[in-house]
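Please treat every number below as a calculation from the coordinates, not as lab data. Keep in mind the model is a prediction, meaning the values are calculated, not measured. Positions of Cβ are generated from backbone atoms using ideal geometry, with glycine treated the same way; all protein chains shown enter the neighbour counts.
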Amino acid sequence: MTTQPTAAEPFTTIIGLEVHVQLQTKTKLFCGCSTTFGAAPNTQVCPTCLGLPGSLPVMNRHAFDLAVRAALALDCTIAPFTKWDRKNYFYPDLPKGYQISQYDLPFSSDGRLEVIDPKGALWRDVRIIRVHLEEDAGKSMHDEAAGTADTRIDLNRAGTPLCEIVTQPDLRSPQESRAWLNELKLLLAYLGVSDCNMQEGSLRVDANVNLHIPLAGEGGADGRLAKTPIVEIKNMNSFRSVERALVYEAARQWEEWQATKAEMGNTPKQTRGWDDAAGVTRAQRHKEESSDYRYFPEPDLVPVTVSEADIAKARAAMGDPPTVLRKALAEKWRIPAYDADVLVNQGRDLVDYFEDLATRVGEGKVASNWMQQDVLRTLNERGGTIGEFPVRPEAVADIIGRVTKGDFDTSRGREIFAEVLASGRPVADVVASMGIAAVSDDDLVSLCKELLAANPKIVADVQGGKEQAAAGLIGQARKKNPNVNPGKFRQMCLDLIRGM
Amino acid sequence: MQPLELSAVDLVAAIRQGDITAVQVAEKFLDRIDKLNGPINAFLNVDRDRALARAADIDARRKAGKPIGPLAGLPVAVKDALCTADQPTTCASKMLAGFRPPYDAEVVSRLRQADAVIVGKTNMDEFAMGGSNENSAFGPVKNPWDFTRAPGGSSGGSAACVAADMATIAIGSDTGGSIRQPAGLCGITGLKPTYGRVSRRGLVAFASSLDQIGPMTRSAADSALVMETIAGHDRGDATSLADAVPRYTSMLEQPLTGLRIGRVAEHFGAGLDPEVARGVEEAFAAFKAAGATIHDVKLPHAKYGIATYYLVAPCEASSNLARYDGAHYGHRAEPGKGHRAEPGKGHRAETTRGQRAEPTSEFESPLVEMYCRSRAEGFGPEVKRRIMLGTYALSSGYYDAYYAKALRVRRLIRQDYIDAFQSVDLIGGPVSPTPAFPLGEKTNDPLAMYLVDMYTVGTNLAGIGGISFPCGFTRGGLPIGFQLQGPALSEPLLLRAVDRYQQLTDWHLRRPKLPA
Amino acid sequence: MALSRQDVAKVGLLARLALSSDDLDRMTGELSKIVGLVSQLEEIDTSAVAPLAHPLDTQNVFRDDVPAPSLTTAEALQSSPRHDGSCFLVPAVLGDSGAA
């Protein structure tokens, strides 16, 4: 799929992303301090993550394993030999004066992750340059209103394990960039690599963007492409703000191009911060010397080697990524691709819930319908996770079973579902308390006969070919007995009228 | 009983047998420190109360028949580069004046566990950078053999306090010779173990791929005793070796018959003091007499050791010392008092006043000003030089020409040793080119100071073991040091060779003439 | 190999060391001499030699993902030049460094 310049948008937007995800470990990358979010400042710190004199790092095995899992899921090649480097710069949230990161020998490289468009077609196959493992910095808190006041430094986050994922500039629109990020987040959450909670900062995105503009009058479509200077956008705190910032930045670069004709190469890469409230990107001060990070091998750590056997083991422990799971779910339960997509996009726990339900019901499509129309809708209204959802799969399966058996219809089933949800009582109790008892066939026949006798016009209409007229009888029947299954009653009426 | 002059082995035995109490020993040494530390300046901090309390606890346990550790009651001095939770740890820098770490270095924990009595923290070159102990922010250490001379460095305080009987043993650290060279200049025995043999956790880092902690004692037997406590794997140091720790003290007695000692002809070239050369040659003869054989070996790249070392070490140091920026601990410059100040220097103070009109004009922010001024005020000249050199050599455009080049030569230097140890067991030679030199002689010539490490840096670059010990005296009465280097984990052999030598000679028993 | 005053000033900023005019002069001379000394490595052909960053040959040293006790906030802040009892205080900066 290509994105060609159009009259309305006479350029192609070129986007590459740099994503940092915190790995779901109990402890930090190089020390035993907790990584739990939200603790009081400087309560999860020790000599190592405070960068105290004489302190030393020791690598967290689980962090490395999770990083390998993420890289494998992104189709990366795992390096047989990897090492860590120091990236030197001064900042108060970086207490050692260097970040332990990876420079020339990252543990993985050359991956890819596809993103599918809303119609289910391939939107973009995004190549990944590298994934590497590094430590996070602490937090600087500044009260801008206070002006000259001090900045407060909390080092609880310092040393938290991070995967840095860098894509090629393969994305071509803000919309698909957002969709790609959603896919990445889903993937990492599925694999248990990260909780990807953007509010808590466990997933952070920077974007590199510029425009390719075909120059008219220089050979038309085959002519030279003008490339605007690359801008790195920072400070985007949601996928929505990534999309908005990219839309804004593309428009801004187009305007600037028209005014200045400045091209890449004439100007250094610029960093701009996204102001979500104002809806604009703003230039950040360029610090020439700060980009000289003086990387060199971290002498306090030893290299890591990864064998083919290690990789096979990691792959086996990985579980299905969403792309595989979508197909597998659609095939196994014979549900439409759309249904599988909706279910998978809600996360692993919801898929487990669905599979539990479908197994009990013995039929995928019905289970999927109930998932989409009842479970998911109410879950969205209530908030919370599927794990906390009070109506468990066995209860939903119970209700579906009774509907299938003909005890009551689907709409009555929904009422029961709502009551089970509200009261927390077992399905059987709710059914009993709502006076729902299956109506026997004999009772149904006599009710049918009674109503047919009382409504000769409807009988005549049906006999005249207007079968929908029978609906008028259903309301009357339910007034007399609310437990009447409308479908079954309607069919019986039609059969009796035909037999008249 | 005169505990001051007893070997560590004998003193521990005397305390264990009840011939003398740990408190009596501690008092003797603390009194000696009171008397001598003024002129010698070996200690930056002495913790009399804690030392006595510790000694009393050991005595009480011994009397009650409870177990006591292998170093019970032994007075130990610890280089101020090792973190101690109960005493300041300054690295002899204004940057860390009064700094109190919230944890003990692994070696300090092990010493405490072994019931050693830590009497104080010893003076050193600031951040272990120097070869004379004159780079201390708290004044130089005097050589106990001649107070007008330097004790060597950087573990000058540790060497001087053992030489002057202010502690039975001391702990030093060696990045390019900082245990062996001062041991040589002060007439004591100093072991730089194989890289990774002793945990570095809690040793304030100078150059992480070179730093190693080791014992500084009066004899090889005492070093063997200390090594049994401080050596061994530490899960908190990823570069610590997992190999089992031998019983060094029980491996000393085997004769040297058949031992092959290498002699490097280039060691005896230009720059070596003739008296040192004579002392070293006599030591070779003594080893020969003890049954060893002497063989010529070549270390073709040894002459590049200094150049390699003065790239690798400053590069790592420039990064290791970045944490001293005034943000989280250590010295922070007062805001708004001008900048670029070097306190106490008249003409610069004037400059400072002159610049006061625009106090932050040259810094991009108050934060950068705080960093630059805190570091300018907190670090001494040699530390600054090495930070500047390392920063330059790692910076964009110079990395390959300097740092990466040095790492390639480092491999050649290590390979030289590997090749040499194919034909000999140990390599012998001088520790340093001259005996103790006068204070102030080299302080204005950094390059001349760097050359004092010429025989010692190779050991660190290769990550192998080395030991120095006295092998004679100059006519002027200054100790002459001999160095043996051995392959990785050859500590048992190094200690045995020196112990056998010390059984045949008495250089290590000589003491400087000091007030009693 | 001589360094210029500007080179030294740039390195000074990179190393966050304030250098007075006198410092710059002195440091330029000293560093040039030291760089001259270390430049003798140029005479060795190392084209076939791999860099040796570390004397150890060990690999794969890990710790388990098991929590260990942290310091108390008071211990963490005990040597801080300026703090408010819960955070380190430094002259105003805007934003995190971003651990990029």
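Could you name the aspartates and glutamates whose alpha carbon sits less than 18 Å from that of B:K63, not counting residues in the same chain fewer than 8 places away?
The qualifying aspartates and glutamates are B:D19, B:D115.
Please determine, in degrees from 0 to 90 and to the nearest 10, the orientation of helix A:441-454 with respect to the longest principal axis defined by the Cα atoms of chain A, where the helix direction is its Cα long axis.
The angle comes out at about 70 degrees.
Mind scanning A:K96/B:K442; B:K298/B:K442; B:K79/B:K442; A:K365/A:K449; A:K83/B:K298 and naming the pairs with a C-alpha gap bigger than 25 Å? If you can, show how the numbers build up before the last one.
Numbers: A:K96/B:K442 33 Å; B:K298/B:K442 30 Å; B:K79/B:K442 23 Å; A:K365/A:K449 36 Å; A:K83/B:K298 33 Å.
Going by Cα-Cα distance, A:K96/B:K442; B:K298/B:K442; A:K365/A:K449; A:K83/B:K298 fall outside the 25 Å limit.
Run through the DSSP bridge list for chain B and note the antiparallel percent, rounded to the nearest 5.
65
Provide the packing ranking of B:227-239, B:273-285, i.e. peptides ordered by the mean count of other C-beta atoms within 10 Å per residue, highest first. Don't skip to the end; give the middle numbers.
Working: B:227-239: 21.4, B:273-285: 17.5.
Ranked from most to least packed, the peptides come out as B:227-239, B:273-285.
How large is the helix-only mean residue ellipticity at 222 nm for chain B, computed as the sum of -39500 (n - 2.57) over DSSP H runs with n ≥ 4, divided by its residue count, in deg cm²/dmol to the nearest 500? It would help to have the intermediate numbers written out before the result.
Values: 16 runs with 188 residues, N = 516.
That comes out to -11000 deg cm²/dmol.
Treat the count of other C-beta atoms within 10 Å as a stand-in for reagent exposure and order B:V431, A:V324, A:V420, C:V93 from fewest to most. Before the final figure, lay out the partial values.
Numbers: B:V431 31, A:V324 12, A:V420 22, C:V93 19.
Listing B:V431, A:V324, A:V420, C:V93 from fewest to most nearby Cβ atoms yields A:V324, C:V93, A:V420, B:V431.
Indicate the gyration tensor shape class of chain B (rounded, prolate or oblate), computed on the Cα atoms with a ≥ b ≥ c the square roots of the eigenvalues: a/c under 1.5 is rounded; otherwise a/b larger than b/c is prolate and the rest oblate.
Oblate shape, in that a/c is at least 1.5 and b/c is the bigger or equal ratio.
Distance in nm between label sites at B:R247 and A:Y338, each 7 Å beyond Cα in the beta-carbon direction?
Roughly 8.1 nm, to one decimal.
Quote the FRET efficiency, to the nearest 0.05, computed for C:D84 versus A:Q199 with a Förster distance R0 of 22 Å and r equal to the Cβ-Cβ distance.
Working: r = 25 Å, r/R0 = 1.15.
Here the calculated transfer efficiency is 0.30.
With respect to the cross-link table entries A:K234/B:K94; A:K28/A:K87; A:K327/A:K488, which display a Cα-Cα separation exceeding 27 Å? Numbers along the way, then the final one.
On the way: A:K234/B:K94 39 Å; A:K28/A:K87 18 Å; A:K327/A:K488 36 Å.
The pairs that break the limit, which is 27 Å between Cα atoms, are A:K234/B:K94; A:K327/A:K488.
Mind putting a number on the dipole of the range B:3-252 about its Cα centre? Charges go on the C-beta only, +1 for Lys and Arg and -1 for Asp and Glu, and I need it in Debye to the nearest 20.
Numbers: 27 positive and 27 negative charges, 56 e Å.
Dipole magnitude for the range B:3-252 comes out near 280 debye.
Once you order the gyration tensor axes a ≥ b ≥ c over the Cα atoms, which shape class does chain C get: rounded for a/c under 1.5, otherwise prolate or oblate by comparing a/b with b/c?
Working: a/c = 3.06, a/b = 1.31, b/c = 2.33.
Oblate shape, in that a/c is at least 1.5 and b/c is the bigger or equal ratio.
Could you list C:S20, B:S199 in order of exposure, starting from the residue whose Cβ has the fewest other Cβ atoms within 10 Å?
Details: C:S20 20, B:S199 26.
If I rank by nearby Cβ atoms, fewest first, I get C:S20, B:S199.
About its Cα centre, what dipole magnitude does the protein assembly as shown give when the only charges are +1 on Lys and Arg Cβ and -1 on Asp and Glu Cβ, stated in debye to the nearest 20? Walk me through the numbers before you get to the answer.
On the way: 124 positive and 137 negative charges, 186 e Å.
Using Cβ point charges on Lys, Arg, Asp and Glu, the protein assembly as shown gives about 900 debye.
Given the protein assembly as shown, what percent of its DSSP beta bridges are antiparallel, to the nearest 5?
Details: 89 of 112 bridges.
In the protein assembly as shown, approximately 80 percent of DSSP beta bridges are antiparallel ones.
Is the shape of the range A:12-310 best called rounded, prolate or oblate, per the rule: a/c under 1.5 gives rounded, else a/b larger than b/c gives prolate, else oblate, with a ≥ b ≥ c the square roots of the Cα gyration tensor eigenvalues?
Details: a/c = 1.79, a/b = 1.40, b/c = 1.28.
Cα axes put the range A:12-310 in the prolate bin.
5 Å is the cut-off here: which amide hydrogens, built 1.01 Å from N in the peptide plane, fall below it relative to A:I116, excluding neighbours closer than 5 in sequence?
A:W123
Out of every Cα pair in the range A:1-61, what percent are spaced more than 16 Å from each other? All intermediate terms of the calculation are to be shown ahead of the outcome.
Details: 1176 of 1830 pairs.
Summing the P(r) of the range A:1-61 above 16 Å gives 64 percent of all pairs.
Over the whole of A:154-162, what's the average partner chain Cβ count within 10 Å per residue? Rounded to a whole number, please. If you can, show how the numbers build up before the last one.
Values: counts 3, 4, 2, 2, 1, 0, 1, 1, 2.
Across A:154-162, the average partner-chain Cβ count within 10 Å equals 2.
Contact order normalised by length for chain A, with contacts defined as Cα pairs under 8 Å and 6 or more residues apart; what percent is it?
Working: 849 pairs, mean separation 65.5, N = 500.
With pairs under 8 Å counted, the relative contact order is 13 percent.
Is it possible to state the helix-based mean residue ellipticity at 222 nm for chain A, with each DSSP H run of 4+ residues giving -39500 (n - 2.57), the sum divided by total residues, to the nearest 500 deg cm²/dmol? What is it?
-12000 deg cm²/dmol
At q = 0.17, 0.23, 0.25, 0.27 Å⁻¹, work out log10 I(q)/I(0) for the range A:212-283 with the Debye formula, treating every Cα as an identical point scatterer and leaving solvent out; two decimals please.
One equal scatterer on each Cα of the range A:212-283 leads to -0.67, -1.00, -1.10, -1.20.
By average Cβ neighbour count within 10 Å, what is the ranking of B:391-399, B:303-311 from highest down? List each step's numbers first, then the result.
Numbers: B:391-399: 20.1, B:303-311: 23.9.
My ranking of the peptides, most packed first, is B:303-311, B:391-399.
Long-range amide H contacts for B:S219: which residues qualify at under 5 Å (H placed 1.01 Å from N, peptide plane, sequence gap of 5 or more or a different chain)?
Sorted by chain and number, the residues that satisfy this are B:T189.
Whose amide H sits under 5 Å from the amide H of B:S178, counting only residues 5 or more places off or on another chain, with H placed in the peptide plane?
Those lying under 5 Å, H to H, from B:S178 are B:S154.
Take the residue pairs A:K139/A:K261; A:K227/B:K405; A:K139/A:K185; C:K10/C:K33 and return only those whose Cα atoms are more than 30 Å apart.
Details: A:K139/A:K261 39 Å; A:K227/B:K405 38 Å; A:K139/A:K185 23 Å; C:K10/C:K33 18 Å.
Over 30 Å Cα-Cα: A:K139/A:K261; A:K227/B:K405.
Report, ordered by chain and residue number, the lysines lying within cross-link reach of B:K66, taken as a straight Cα distance under 27 Å and ignoring same-chain residues fewer than 8 apart.
Answer for B:K66, where 27 Å is the Cα cut-off: B:K28, listed by chain and number.
In nm, to one decimal, how far is the A:A277 label point from the A:A432 one, both placed 7 Å along Cα→Cβ?
5.9
What aspartates and glutamates could a cross-link reach from A:K480, if we take a straight Cα to Cα line under 12 Å and drop same-chain neighbours fewer than 8 places away?
Filter leaves A:D443, A:E450.
Given a cut-off of under 8 Å on Cα pairs at least six residues apart, what relative contact order in percent is computed for chain B? If you can, show how the numbers build up before the last one.
Values: 1215 pairs, mean separation 92.0, N = 516.
Value for chain B: 18 percent.
Residues of A:302-313, mean number of Cβ from any other protein chain within 10 Å of their own Cβ, rounded to a whole number? Don't skip to the answer; put the middle values down first.
Numbers: counts 11, 8, 4, 2, 1, 0, 0, 0, 1, 0, 0, 0.
For peptide A:302-313, the averaged partner shielding equals 2.
With 10 angstrom as the radius, rank A:W257, B:W145 by how many other C-beta atoms surround their C-beta, starting from the fewest.
Numbers: A:W257 19, B:W145 26.
Ranked by crowding around the Cβ, least crowded first: A:W257, B:W145.
Over the range A:110-223, what is the mean sequence separation of C-alpha contacts under 8 Å (at least six apart), divided by residue count, expressed as relative contact order in percent? Walk me through the intermediate numbers first.
Values: 142 pairs, mean separation 23.4, N = 114.
Normalised by residue count, the contact order of the range A:110-223 is 21 percent.
Peptides B:165-175, A:91-101, A:421-431: what's the order by average Cβ count within 10 Å, highest mean first? Each step should come with its number before you reach the end.
On the way: B:165-175: 29.5, A:91-101: 24.0, A:421-431: 15.3.
Going from most to least packed, we get B:165-175, A:91-101, A:421-431.
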